[in-house]
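Q: The structure under discussion is supplied below as structure tokens; questions concerning it will follow.
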Amino acid sequence: MTATIPLGSRISGERLAVLLGEWRRRGSRHGSTDLAAAVEMYVLDGQLPIGTRLPAERELAAALGVSRTLIGAALDRLREDGIVASRQGAGSWIAGTGARRRDLEIPVTDGIFDLAKAAPSALPGLTAAADAARHDLAAYVTGNGYVTGGLPSLRSRIAERYTARGLPTTEEQVMITGGAYSAFVLCLRMLAGPGDRVLVEQPTYPNALDALRAAHALPVPVALDPGEGWDLAGVEAALRQASPRFAYLMADFQNPTGHRLDAEQRERLGGLLARTRTPVVIDESLVELDYDSDPLDGPPPLASFAGELSLTLGSASKSHWGGLRLGWIRASADLLDRLLSSRFAVDLGAPVFEQLVLAAMLEPAGYAALAQRRQDFRGRRDALAAALGHYCPDWTFTMPSGGLSLWCRLPKPMSTRLAVSAANHGVQLAPGSRFGVHGGMERWLRVPFALPSEHLSEAVRRLSLAVASVRSCAGVPAVNVPVA
């Protein structure tokens, strides 16, 4: 069968040499094996996404200071394992993760600790807000109940929040949707079609990847550095080489890594997007969960720098409650007009009662409750970190300043097997492969801290038992679990 050449960014020999670092482990006699293992590790970690074009053998040999014979032997090994593919005249590229998989659903039983979803319980005060909304509902029941763009009162309060954060916004620039995922699907339908390329972070939000695949769009991944976050040079190269129809980015407490762009990086990234006239969908679902400062004191929204082709998504699911199923899109009036014209093929608007509830929760008392939530969740984050340090001391992670999860590096590529085993110990997980454009990420696991601290400690204790049970197991089955 003829190998298909995927479209992807090219990595130079010099850059690949820096990424691989000290790749030799067992002396010169095992050089090709060590090099192949190092490349495979970075593929599994998502740092070399599928589709990445590799440098020519001569260029890589010069960058690593080795012979072309060694490079050729390493590539032969990687081709045998299905990690690299090559074609004469076209070079070599990353083609797969080499993992064997079978479909398997994790069983869910009563009493299981759900660590697959980074979603909290309802914010205190929601019941009182529902009572207030019940009285406000009387003003709407005499109408037909269809408010396609959203209730003016809710749109106005969301616009005020953007303005307070440094992005001047009017009510006419906000559309209410049935959650941030629905908002993303609306943007996707407007911006891209089958075969169109969409730039995404690697790793990224699994449901967004599912939506792209359902639309037959082609995600173009740009790897995030585990410690530093965004590779802006890599983003610039992908914009130039792939010319994506739009970019999907999370600048605030990126899901799953927890990274956050600072103001200087936002200005640079926004400038790149504006200069290339690349529309960008910015997911701010986690922006209100800032544990170091008030969200109003954080860096300006990325849309402040990205120009008129930016669409910012917000959500009540992470900050207030997923059961509200409400999100929104902030964009220019022109873009919202285009979205409205295509929205009727998807839905006819968000429910009125839930909008009234959220509007009541965006009053001063609701923001006071949200401030308390941030304090509580900071404690849960610290409790999870302490539990991992005690029960899983060889796991590493960067402590995020916000969001709802830790992105943990495992001592071995066992994320999928661990997710399967954890279910038998009463813990449901989403394996790292769910967050990769083409799978992989087997050395990574997202562990949310939305549960109460005492539950987190017990869940991690059970995780440590699952780790012990998989260390000597072979095979890597696939795991499909709902992710939030």
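Q: Quick check: is even one residue across the range 156-167 of a type in the set (Lys, Arg), touching an Asp or Glu at 6+ places or on another chain (Cβ under 7 Å) and assigned by TED's automatic domain parsing to the domain that holds Thr312?
A: no
Q: Determine whether the range 24-47 contains at least one residue that is assigned to a loop (DSSP other than H, G, I, E, B), crowded, with 16+ Cβ neighbours inside 10 Å and either in the same structural domain as Pro413 (by TED's automatic domain parsing) or at pLDDT 80 or above (or both). Explain how you work it out, then say what you get.
A: Residues of the range 24-47 assigned to a loop (DSSP other than H, G, I, E, B): 24-27, 45-47.
Now narrow it down to the ones that are crowded, with 16+ Cβ neighbours inside 10 Å: 45-47.
After this cut, where a residue has to be either in the same structural domain as Pro413 (by TED's automatic domain parsing) or at pLDDT 80 or above (or both) as well, the list is none.
No, there is no match, as no residue in the range 24-47 is assigned to a loop (DSSP other than H, G, I, E, B), crowded, with 16+ Cβ neighbours inside 10 Å and either in the same structural domain as Pro413 (by TED's automatic domain parsing) or at pLDDT 80 or above (or both).
Q: If you check Arg189 against the conditions, is it basic (Lys, Arg), assigned by TED's automatic domain parsing to the domain that holds Tyr248, modelled with pLDDT of 95 or more and touching a Ser or Thr at 6+ places or on another chain (Cβ under 8 Å)?
A: The answer is no for Arg189.
Residues are listed down the side, and each one gets a yes or a no for (1) out of contact with any Phe, Trp or Tyr (no Cβ under 6 Å at 6 or more places or on another chain); (2) touching a residue at least 60 places away in the same chain (Cβ under 8 Å); (3) closer than 25 Å to Gln202 by Cα:
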{"site": "Trp328", "(1), (2), (3)": "yes, yes, yes"}
{"site": "Val357", "(1), (2), (3)": "yes, yes, no"}
{"site": "Met361", "(1), (2), (3)": "yes, yes, no"}
{"site": "Arg381", "(1), (2), (3)": "no, yes, yes"}
{"site": "Asp394", "(1), (2), (3)": "yes, no, yes"}
{"site": "Leu404", "(1), (2), (3)": "yes, yes, yes"}
{"site": "Gly432", "(1), (2), (3)": "no, yes, yes"}
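Q: Kindly check whether there is at least one residue in the range 341-355 that is modelled with pLDDT of 90 or more, closer than 30 Å to Leu191 by Cβ and basic (Lys, Arg).
A: no
Q: Take the residues of the range 228-257 that are surrounded by fewer than 24 Cβ atoms within 10 Å (Cβ to Cβ), among the small types (Gly, Ala, Ser) and not in a helix (DSSP H, G or I): which is nearest to the chain's Cα centre (by Cα)?
A: Gly229
Q: Can you tell me which residues in the range 136-163 are loosely packed, with under 13 Cβ neighbours inside 10 Å and under 17 Å from Leu362 (Cβ atoms)?
A: Thr163
Q: Now for a separate question. Yes or no: the range 385-398 includes at least one residue that is in a strand (DSSP E or B) and over 26 Å from Ala122 (Cβ atoms).
A: Yes; the residues of the range 385-398 include at least one that is in a strand (DSSP E or B) and over 26 Å from Ala122 (Cβ atoms).
Q: Being at pLDDT below 95 and over 12 Å from Ala238 (Cβ atoms) is the filter; apply it to the range 216-227 and report the residue that is farthest from the chain's Cα centre (by Cα).
A: My answer is Gly227.
Q: Scan the range 334-361 for residues that are within 26 Å of the chain's Cα centre (by Cα) and hydrophobic (A, V, I, L, M, F, W, C) and report the count.
A: Qualifying residue count for the region: 6.
Q: Which of the residues spanning the range 170-179 are out of contact with any strand residue (DSSP E or B) (no Cβ under 6 Å at 6 or more places or on another chain) and of a type in the set (Val, Ile, Thr)?
A: Answer for the range 170-179, where residues must be out of contact with any strand residue (DSSP E or B) (no Cβ under 6 Å at 6 or more places or on another chain) and of a type in the set (Val, Ile, Thr): just Thr170.
Q: Counting only residues that are in a strand (DSSP E or B) and of a type outside the set (Asp, Glu), which one in the range 289-324 is farthest from Arg266 (Cα to Cα)?
A: In this case the residue turns out to be Ser315.
Q: Let me ask you something else. Within the range 165-191, work out how many residues are more than 17 Å from Leu212 (Cβ to Cβ), of a type in the set (A, V, I, L, M, F, W, C) and surrounded by fewer than 21 Cβ atoms within 10 Å (Cβ to Cβ).
A: Residues flagged as more than 17 Å from Leu212 (Cβ to Cβ), of a type in the set (A, V, I, L, M, F, W, C) and surrounded by fewer than 21 Cβ atoms within 10 Å (Cβ to Cβ) within the range 165-191 amount to 1.
Q: Just checking, does the range 193-211 include any residue being in the same structural domain as Thr312 (by TED's automatic domain parsing), on the phi < 0 side of the Ramachandran plot, in contact with a Gly (Cβ under 6 Å, 6 or more places away or on another chain) and not in a helix (DSSP H, G or I)?
A: yes
Q: Of all residues in the range 426-451, which are surrounded by fewer than 24 Cβ atoms within 10 Å (Cβ to Cβ) and either among the charged types (D, E, K, R) or over 18 Å from Leu384 (Cα atoms) (or both)?
A: His438, Gly439, Arg443
Q: State whether the residues of the range 457-478 include one that is part of a loop (DSSP other than H, G, I, E, B), crowded, with 21+ Cβ neighbours inside 10 Å, more than 20 Å from the chain's Cα centre (by Cα) and touching a residue at least 12 places away in the same chain (Cβ under 8 Å). Even if it seems obvious, please write down each step before you answer.
A: Pass one, the range 457-478, residues part of a loop (DSSP other than H, G, I, E, B): 471-478.
Okay, now just the ones that are also crowded, with 21+ Cβ neighbours inside 10 Å, so 476.
Restricting the remaining residues to those that are more than 20 Å from the chain's Cα centre (by Cα) gives 476.
Those still in the list that are touching a residue at least 12 places away in the same chain (Cβ under 8 Å) too: 476.
Within the range 457-478 (the criterion being part of a loop (DSSP other than H, G, I, E, B), crowded, with 21+ Cβ neighbours inside 10 Å, more than 20 Å from the chain's Cα centre (by Cα) and touching a residue at least 12 places away in the same chain (Cβ under 8 Å)), the answer is yes, since at least one residue qualifies.
Q: Output the strands (runs of 3 or more DSSP E) that fall wholly within the range 51-141 and possess 1 or more residues being modelled with pLDDT under 90, or say none. If you could, list the steps in order and put the result at the bottom.
A: On the way: elements: 84-87, 91-94, 113-115.
Per the criteria, 84-87, 91-94.
Q: In addition: How do the pairs read when you match residues in the range 263-284 that are under 29 Å from Gly179 (Cβ atoms) with residues anywhere that are buried (at least 16 other Cβ atoms within 10 Å of the Cβ) and among the β-branched types (Val, Ile, Thr), using Cβ under 6 Å and keeping only pairs 6 or more apart or on different chains?
A: Leu273/Val280; Ile282/Thr312; Glu284/Thr312
Q: Note down all Cβ pairs under 9 Å where the first residue falls in the range 287-309 and is closer than 14 Å to Pro168 by Cα and not assigned by TED's automatic domain parsing to the domain that holds Ala159, the second is surrounded by fewer than 18 Cβ atoms within 10 Å (Cβ to Cβ) and of a type outside the set (D, E, K, R), and they're at least six residues apart or on different chains.
A: The qualifying pairs do not exist here.
Q: Also, I was wondering about something else. So which residues in the range 274-286 are in contact with a strand residue (DSSP E or B) (Cβ under 7 Å, 6 or more places away or on another chain) and either surrounded by fewer than 21 Cβ atoms within 10 Å (Cβ to Cβ) or farther than 19 Å from Pro168 by Cβ (or both)?
A: Residues satisfying the conditions are Thr278, Pro279, Val281, Asp283, Ser285, Leu286.
The values are calculated or read from the model by the stated rules, or taken from the named source; none is laboratory data. These figures come from a predicted structure and were not determined experimentally. Backbone-built Cβ (ideal geometry, glycine too); neighbour counts: all protein chains shown.
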